[in-house]
1. Within the range 42-89, list the trypsin sites (Lys or Arg not before Pro) lying in a DSSP loop whose Cβ has at most 16 other Cβ atoms in a 10 Å radius.
2. I want to verify a result. In a Gaussian network model of the chain, Cα cutoff 10 Å, which of these has the top mean-square fluctuation: Val293, Val283, Val252?
3. Beyond 21 Å, what percent of the Cα pairs of the range 270-341 remain?
4. Using a Gaussian network model of the chain with C-alpha springs under 10 Å, which one of Ser148, Ser76, Ser92 is most mobile by mean-square fluctuation?
5. Ordered by residue, what ³J(HN,Hα) values in Hz, to whole numbers, does the range 306-312 give under the Karplus form 6.51 cos²θ - 1.76 cosθ + 1.60, where θ = phi - 60° and Gly and Pro are x?
6. Give me, ordered by chain and number, the residues 5 or more places off Ser51 or on other chains with an amide H under 5 Å from its own placed amide H.
7. Within 10 Å, count the other beta carbons around each residue, average over each peptide in 307-316, 36-45, and list them highest first.
8. Please return the longest stretch of the chain lacking exposed loop sites, where GluC sites (Glu not before Pro) count only if DSSP places them in a loop and at most 14 other Cβ atoms lie within 10 Å.
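What follows draws every value from the coordinates through simple rules; no lab data is involved. This structure is a prediction, so every number in the text was calculated from the model and none was measured. Virtual Cβ from ideal backbone geometry, glycine too; neighbours counted across all protein chains shown.
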Amino acid sequence: MSTLNEMPVEPPMTESAAFLQAHPSSPPHRSPHTPFQLKFTCVGHKKAISSVEFAPTGHILASASPDKTVKLWDASSGSLKTTLEGHDQGISDISWCQNAKYVASGSDDRTVKTWDVEQGCTVATLRGHTNVVFSVNFNPQGTLIASSSFDDSVRIWDFRTGRIARMIPAHSDPVTAASFNRDGTLLVSSSYDGLCRIWDVASGQCLNTLTLSTDATSNDPIVPVSFARFTPNGKFVLVSTLDGKLRLWDYVRSRVLKTYSGHVNASFCIFSAFSVVGDKPHVVSGSEDGNVVLWDVQTQSIAQIIPAHTDAVLAVAANPMRPMLATGALEKDKTIKVWEA
């Protein structure tokens, strides 16, 4: 694989369609001015909602919680289909395999579990992390799982064998996210150390490091990075930081292209997502004030603020097949809400 400096880059986001090209969540929808409205509420978890994720087919919604369970919900009706139990401690994150037959979960018990959705049972338990597992992510081919941990490492697992394919000592502080790009050749990691790193999956080599710092007047120049993910076209990285901002990075040129602000994010690791309504791509994020905020990707302006929950919203996901969002909130709320435009 070539280095990042040798990779061709198109002009940044000249068109919305290019930003989300070849992504399953970007079919034509209604007017971009159609706001998201509540479709239904899912109640069942006994503790906070830590993660939500739609299946690649869009028909099932998975949720994870510190109550040690993963729940699978019908994405059209909100009815509970299955509860997956087996972790010894709370679950921080979940990820779907591309074939929608398997789910991976990461837990405070330091393990990653894989689950057969149809059978409702554990396929394998992946052990190796020495601290809590904070994020999990299947590669697009469904052959590898990346997990990040508070042991400061990223581990890449062979899904078929359950063995560690690669251990990356990625950061000097807890790693808050690790996720693949659209073809599975790159991995982005983020950490409380204020860095995002781009990794070559095949070699484990760090290709680039993105450094985030506050302005010169700050007493603490390090801004913890709470979440990072590639854009659907794989050309940029969306980075969330605990200064209440999301930044869109050109990771090849190491520069910020867009900045999105207006939500509250000072304490928690909050997920973000991409959603298309009409022909307009949006950035979506939860907020510690109970809101869900959508920004126009191009203009950086707020497109909608949804007063969604009665506690901080950490979990956000976009349905890959239609203009639908799922959100989940912390302990005072404990609900999952599904929104449709």
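1. Lys46, Lys47
2. With Cα springs under 10 Å in the chain, the top fluctuation among Val293, Val283, Val252 is at Val252.
3. I get 18 percent for the Cα pairs in the range 270-341 exceeding 21 Å.
4. Highest fluctuation of the listed residues: Ser76.
5. 9, x, 8, 9, 9, 8, 4
6. Ala64
7. Result, highest mean first: 307-316, 36-45.
8. Of all site-free stretches, the longest is 119-330.
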